[in-house]
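Trainee: This is the structure I want to talk about, given as structure tokens.
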Amino acid sequence: MNNQTDIITIGESLIELSTSEDLTTAQILNKYYGGDTITSAIAALKLGSKVGFISRIGMDCFKNYLLESWQDVGLDISQVKPVKGINGLYIVSNNEDCNTRDFSFYRKKTAATNLSIDDISIEYIKNTSLVYSTGITQSLSISAREAVKKAFQIAKENNVTVAYDPNYTSKLWSEDEAREAFDEIIDFTDILFLNTKYDSNIVIETKSIDNTISYLQDKGISTVIIKSSVDKGVYAGYQGNIEFIKFPEINIVDVTGGSDTFNGAVMHGIVSGMSPYKAVNLGCCAAGIQMQSWGAVKSIPNRDEVYKIFKGSDE
């Protein structure tokens, strides 16, 4: 098969306004863009994957900026539909003591909330190696949730790998809603990303790494990748094994998009033929570099930067 893309992500993009200062005194906000699935898309793309993005963007003053930015980096935007409406926005800054971030989101009734099954092309899904989306995309609207389910169903029927991250946050929806959305797509999922702080405890409802991986693999998910802030590393469960990869010691400046960069790099590694163990190592390298600068997408490292570190990571 001559695939048009290696990876397709489905979701929203938001305008990012960031500053390393407290908003009380900041005079300048740096404009870029972010969002979980678009960040993962760009992370995989910058490592060398051919990546497509399925979304809707608003025809407001940011439309041309977004489309031109994506075209410049080589993202396939053939399935991005400009529609009437606005694009979401978030502001990220340091608080007064400059030790933690403050987030403000403005994302209600945006163009991306109108994402629906009409945006899912069977041929486009069939001609890729991996399809990825998140709970955040599902939380946008009922129609967006249906779109994710349809894309995953098509992928499963055509032997395309499905990857998913619940990416749970109580700011977007309830625990019950997140569990229900997860249950809808679990049977289609091949690769599952989780974090122990929210997803394992709330969506899967267990604190045990071993039990989580065993339960999910019994459900048919072949690869389970669990990020643990407590253990400062990542567990990869696959082929009956559980491997632990320590996260690199770094000076963290901004964690915005770090987990999404990790996911994108892991997916790039897997579609490139790496084992989950090596792909997770690659993800740790990419995210480690990304979090040492400000901004979600603008801090994503290129292939040379990542492989300068990754070349020493052997199985």
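Trainee: So which pairs qualify, if the first residue must be in region 32-49 and at positive phi, the second must be modelled with pLDDT of 95 or more and among the aliphatic types (A, V, I, L, M), the Cβ gap must be under 6 Å, and the two must be at least 6 apart or on different chains?
Mentor: Gly35/Leu14
Trainee: Given the conditions (1) in a helix (DSSP H, G or I); (2) surrounded by fewer than 16 Cβ atoms within 10 Å (Cβ to Cβ); (3) touching a residue at least 40 places away in the same chain (Cβ under 8 Å), report the number of the one that Leu66 does not fulfil.
Mentor: Only one criterion in (1) in a helix (DSSP H, G or I); (2) surrounded by fewer than 16 Cβ atoms within 10 Å (Cβ to Cβ); (3) touching a residue at least 40 places away in the same chain (Cβ under 8 Å) is unmet by Leu66, namely (2).
Trainee: May I ask you to list the residues in region 173-195 that are open to solvent by 10 Å² or more (accessible area, probe 1.4 Å) and over 16 Å from the mean Cα position of the chain (by Cα)?
Mentor: Trp173, Ser174, Glu175, Asp176, Glu177, Arg179, Glu180, Asp183, Glu184, Ile186, Asp187, Phe188 - these are the residues of region 173-195 that are open to solvent by 10 Å² or more (accessible area, probe 1.4 Å) and over 16 Å from the mean Cα position of the chain (by Cα).
Trainee: If you don't mind, another one. Residues that are free of Cβ contacts under 8 Å to residues at least 12 places away in the same chain: which helices (runs of 4 or more DSSP H) entirely in region 180-291 hold 2 or more of them?
Mentor: Qualifying helices (runs of 4 or more DSSP H): 209-218.
Trainee: Mind checking which residues of region 95-135 are hydrophobic (A, V, I, L, M, F, W, C), at pLDDT 95 or above and surrounded by fewer than 16 Cβ atoms within 10 Å (Cβ to Cβ)?
Mentor: Ile117, Ile122, listed by residue number.
Trainee: On the basis of being among the β-branched types (Val, Ile, Thr) and either in contact with a Gly (Cβ under 6 Å, 6 or more places away or on another chain) or touching a residue at least 40 places away in the same chain (Cβ under 8 Å) (or both), does Val73 make the cut?
Mentor: No; evaluated as a whole, the condition is false for this residue.
Quick grid of which residues meet (1) more than 16 Å from Ser40 (Cα to Cα); (2) surrounded by fewer than 24 Cβ atoms within 10 Å (Cβ to Cβ); (3) charged (D, E, K, R):
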position	(1), (2), (3)
Lys232	yes, yes, yes
Phe247	yes, yes, no
Asn251	yes, yes, no
Gly257	no, no, no
Thr261	no, no, no
Gly264	no, no, no
Gly269	no, no, no
Ala296	no, no, no
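The values are calculated or read from the model by the stated rules, or taken from the named source; none is laboratory data. What you see is a predicted model, and the numbers here were worked out from it, not measured in a lab. Please note: Cβ atoms are built from the backbone with ideal geometry, for glycine as well, and neighbour counts cover all protein chains shown. Side chains are part of the model used for accessible areas, which takes the heavy atoms of the whole protein and leaves out ligands, DNA and RNA. Shrake-Rupley method; radii C 1.70, N 1.55, O 1.52, S 1.80 Å.
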